[in-house]
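Please treat every number below as a calculation from the coordinates, not as lab data. On a predicted model such as this, the values are computed, not experimentally measured, just so you know. FYI the Cβ positions are ideal-geometry reconstructions off the backbone, even for glycines, and counts take in every protein chain you see.
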Amino acid sequence: MQVQLTNRQQHILWATVRHYIATAEPVGSKALIEEYDLGVSSATIRNVMGVLEKSGLLYQPHTSAGRVPSDSGYRIYVDRLITPSETLAKEVELALQNRLHWEDWSLEALLQGAAQILATLSGCISLITMPQTNTALLRHLQLVQIETGRIMLIVVTDNYETHSRLMDLSPREETKLDPEVIDRELQIVSNFLNTHLRGRSLLELGNLDWSQLNQEFQRYGEFLKNSVAELSRKKSAPTATNIMVRGVAEVLRQPEFSQLQQVQTIIHLLEEEQEQLGRLIFEEPEVEDRSKPRVTVRIGTENPLEPMRTCTLITSTYRRGSVPVGSVGVLGPTRLDYEGAIAVVTAAADYLSEAFS
């Protein structure tokens, strides 16, 4: 749901979220008057906060308390009201350049060092995956009609590993097209796939321009796009032992983790659910403008894993050339310094991309 806010409402939401991040205390109009030059009266601030609460962007933890940002409030704060800290991004870049020595250290030691710098400067748990070593290349792709109206995609890699996916033509297409016509079409599309994909890494499968398929072959386009995307995800997901974790002790001192049960939940996630966590932090967002930083911010209930529903996860991938090979992320309470955390993750991903390229 797209919430429309006036400039005044945006400014007061920004101040409320910023103050709560700094203090971990519910925010009232008096605190905003004292700390921020909002140019309005206390009564006006209370009225605006009431509107923001009705919109689901703030809530009161207790009847007599001030307001606290909701996950939706944080989402608007991140998407519309802040810009990543350039100062902190430069600090991260300098720290990585000055403290890490690629020519002297092992790869694992380097990434552990990077994870520690990330945790120290962000105040969050840092997560860095080892680069993916799957170098399998596509050897052959073939579309075949195995029975009337049923098609199979067969993918063979250079190590002779085979993968297959099935597709059913719609009943309308099945009755309209002669099986021999379909066989000829499948051979043409197979030739197209082999021309464009043979010799590519499995991690590059998602980069094919499917619009190049002629209009008469579009019936296969969505199936092919989904099939190769799924294969690429399966072959690129990090394994459980590939995640460097640093900064746990610092984050667990935050008031959000004052209860033993909350601490146990986070520890369990980091120790027992690394495979799911690895897949999650390596997942890239769909963006139209590929020149923009590919950063994913998952806030609270936006996280698919239950132990993370009170946390924010900020991730980005690092690349070798155009191919994503690993991921960088920070995990902390939803009440975190988003400007700084986004800048830290972006700078670290850029640094590692440059190093690996």
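Quick rundown of the values:
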quantity: Gained length - VAL40 relative to HIS101, 0.36 nm times residue gap less alpha-carbon distance; calculated: 16.7 nm
quantity: Order of ILE76, ILE146 under a 10 Å beta carbon neighbour criterion, fewest first; calculated: ILE146, ILE76
quantity: Residues THR23, THR63, sorted so that the one with the fewest Cβ neighbours within 10 Å comes first; calculated: THR63, THR23
quantity: Separation between Cα centres of segment 14-54 and segment 248-278, rounded to whole Å; calculated: 31 Å
quantity: Neighbourhood net charge (12 Å Cβ-Cβ; Lys/Arg +1, Asp/Glu -1) for VAL51; calculated: +3
quantity: Relative packing of peptides 338-344, 245-251, 65-71 - highest average C-beta neighbours within 10 Å first; calculated: 338-344, 65-71, 245-251
quantity: Per-residue Cβ neighbour rank within 10 angstrom, fewest leading, THR157, THR301, THR16, THR312; calculated: THR301, THR157, THR312, THR16
quantity: Nitroxide proxy distance, nm - points 7 Å out along Cα→Cβ at LYS225 and GLU273; calculated: 3.2 nm
quantity: Net dipole in debye of segment 7-81 [+1 Lys, Arg Cβ; -1 Asp, Glu Cβ; about Cα centre; nearest 20]; calculated: 200 debye
